[in-house]
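This report concerns only the one structure given below.
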Amino acid sequence: MSKPTQLDIPFIDLAAQRARLGDRIEKAMARVLDHGRFILGPEVADLERPLCEFSGAKHTVTCANGTDALVLAFMALEIGSGDAVLVPSFTFSASAESVVLAGATPVFVDVLEDTFNIDPAGLVAGLEAARAAGLKPRGVMAVDLFGQPADYDPIVGFCGENSLLLIADAAQSFGGSYAGSRVGTLGTITTTSFFPSKPFACYGDGGALFTEDADVAALLRSLRVHGQGTNKYDNVRIGMNSRLDTLQAAILIEKLSIFEEEIEMRQAVAGRYEAGFTNGADGVIPPPIIAAAVSAWALYTVRISAEKRDGVRAALAEQGIPSVVYYPRALHQQPAYAGCPHAAELPASELLGHEVLSLPMHPYIDEAVQAEVIRTIVERGL
Ligand SMILES: Cc1ncc(COP(=O)(O)O)c(C=O)c1O
């Protein structure tokens, strides 16, 4: 039997977006090269203002990347040594790493098997584990995994009842919303990442924090420049070096003009996947989106039983279709976090690494290519 012709499709197609923007990116970069203010040049504030408008947050403070954004959040909220932050175990390592970098301890809690997001009902177990370890619970980190906002209402309620701060790790969900509010307004502080594969992304590293509190925003602006006071050589606190490059800000300004439309396009792509799978492929569970949420669809991640998942991957690879397992192992099972407390049981976090599979996802994916991805999974993979 002849081998099928291999497709050559990208997992995320940044070139399609670039072609759409034409020479706008080059022109924006050239303007920065001409004025030469590479650190905190005018484009940084020119980006932060429309990001407030887009997200609905009162204050946006950009920084060097999404990991720093989380560390800066903990520094601003004075969460550090002896403190515990409840973190979902099924997430990218930076969520928990930032807690450790801030001097505090992540305490892992379980996620919901269907949405992949933190299980509000599992927070009590996290609180108990933190107290049993002699830590002071200070915060909850809600991670909006794969683009879908976590179920914020019960999490906000839990934080209120237990005097905890809520840090929203929205590295993957900027552009999404929950109960009519855009991501950026859902936590005490919300953070995001502009890493190239994120829904709203630059051409390098970048990140931002969003807050309603003017004092917190002022603190963050100081912290991102070595804890500066009235000027750079007036050091009033320990901070770090974490600024968004002016060049990246200039790129993001151009990309913001098409972002709203791209989010819509992502909904259409997700809709086609969902229709393709529910119409025939038993064994592929498309990601359910909770009624209150609009996902930014950073990734389209299905679940396939552990016995079949790797076969499906192989069938896709044979056709030249990339797929990725985000994330193969829960954080409480990683050597780096072996010393961190966790809830007694984390069954969903432990299961998902064996079942998840992320498929090609970006606003510009061709319908015929998407149909081929679905066909390959349904007809050859399962
Ligand atoms: C959930 C989550 N948190 C934090 C980060 C860290 O962002 P960055 O890579 O910009 O440091 C990422 C990015 O990959 C992420 O996916």
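The values are calculated or read from the model by the stated rules, or taken from the named source; none is laboratory data. These numbers were taken from a predicted model, which means no experiment stands behind them. Note that each Cβ is placed from the backbone with ideal geometry, even for glycine, and that neighbours are counted across all protein chains shown. Remember, those area values only see protein heavy atoms, side chains included, never the ligands or the DNA or RNA. Shrake-Rupley method; radii C 1.70, N 1.55, O 1.52, S 1.80 Å.
Brief remarks on what is shown
- Any hit, the stretch 5-23, residues being touching a Cys at 6+ places or on another chain (Cβ under 7 Å), of a type in the set (A, V, I, L, M, F, W, C) and within 16 Å of the ligand (Cβ to nearest atom): no
- Residues that are closer than 17 Å to Lys136 by Cβ, in contact with a Ser or Thr (Cβ under 8 Å, 6 or more places away or on another chain) and open to solvent by 20 Å² or more (accessible area, probe 1.4 Å) within the stretch 91-113 comprise just one, Gly103.
- Verdict on Ala268 being surrounded by fewer than 18 Cβ atoms within 10 Å (Cβ to Cβ) and either within 18 Å of the chain's Cα centre (by Cα) or in contact (Cβ under 8 Å) with a residue 40 or more places away in the chain (or both): no
- Scanning the stretch 347-357 for residues that are open to solvent by less than 10 Å² (accessible area, probe 1.4 Å) and touching a Pro at 6+ places or on another chain (Cβ under 9 Å) gives Ser349, Gly353, Val356.
- Residue in the stretch 248-256 that is among the polar types (S, T, N, Q) and under 16 Å from Asp205 (Cα atoms) present: yes
- Residue count for the stretch 30-45, restricted to those that are open to solvent by 60 Å² or more (accessible area, probe 1.4 Å), within 18 Å of Asp205 (Cα to Cα) and part of a helix (DSSP H, G or I): 0.
- Among residues that are closer than 18 Å to Leu70 by Cβ, more than 15 Å from the ligand (Cβ to nearest atom) and open to solvent by 20 Å² or more (accessible area, probe 1.4 Å), Leu223 is not included.
- Condition check for Glu53 on (1) in contact with a Phe, Trp or Tyr (Cβ under 6 Å, 6 or more places away or on another chain); (2) part of a helix (DSSP H, G or I): one failure, at (1).
- Residue match in the stretch 185-202 (condition: within 21 Å of the chain's Cα centre (by Cα) and more than 16 Å from the ligand (Cβ to nearest atom)): yes
- Members of the stretch 204-219 that are within 16 Å of the ligand (Cβ to nearest atom) and in contact (Cβ under 8 Å) with a residue 60 or more places away in the chain: Asp205, Gly206, Gly207, Ala208, Leu209, Phe210
- Breaking point among (1) in contact (Cβ under 8 Å) with a residue 24 or more places away in the chain; (2) assigned by TED's automatic domain parsing to the domain that holds Leu72; (3) assigned to a loop (DSSP other than H, G, I, E, B), for Leu247: (3)
- Among residues of the stretch 182-197 that are under 26 Å from Arg138 (Cβ atoms), those with a Cβ under 7 angstrom from a residue that is acidic (Asp, Glu) and outside any loop (DSSP other than H, G, I, E, B), sequence gap 6+ or separate chain, pair up as Thr191/Asp169.
- Residues located in the stretch 21-53, provided they are in contact with a helix residue (DSSP H, G or I) (Cβ under 7 Å, 6 or more places away or on another chain) and of a type outside the set (A, V, I, L, M): Arg24, Arg31, Arg37, Phe38, Gly41, Glu43, Asp46, Pro50
- When the stretch 272-325 is filtered for residues that are open to solvent by 50 Å² or more (accessible area, probe 1.4 Å), in contact with a Ser or Thr (Cβ under 6 Å, 6 or more places away or on another chain) and part of a strand (DSSP E or B), only Val294 remains.
- Contact map, the stretch 358-375: first residue in a helix (DSSP H, G or I), second residue among the aromatic types (Phe, Trp, Tyr), Cβ cut-off under 9 Å, separation 6 or more or different chains; pairs are Gln370/Tyr273; Val373/Tyr273; Ile374/Tyr273; Ile374/Phe277.
- From the options Thr67, Thr60, residue that is β-branched (Val, Ile, Thr) and open to solvent by 10 Å² or more (accessible area, probe 1.4 Å): Thr67
- Whether a residue is over 18 Å from the mean Cα position of the chain (by Cα) and part of a loop (DSSP other than H, G, I, E, B) was assessed, and Ile12 does not pass this test.
- For the stretch 57-100, the tally of residues that are under 19 Å from Ala130 (Cα atoms), part of a helix (DSSP H, G or I) and within 11 Å of the ligand (Cβ to nearest atom) stands at 4.
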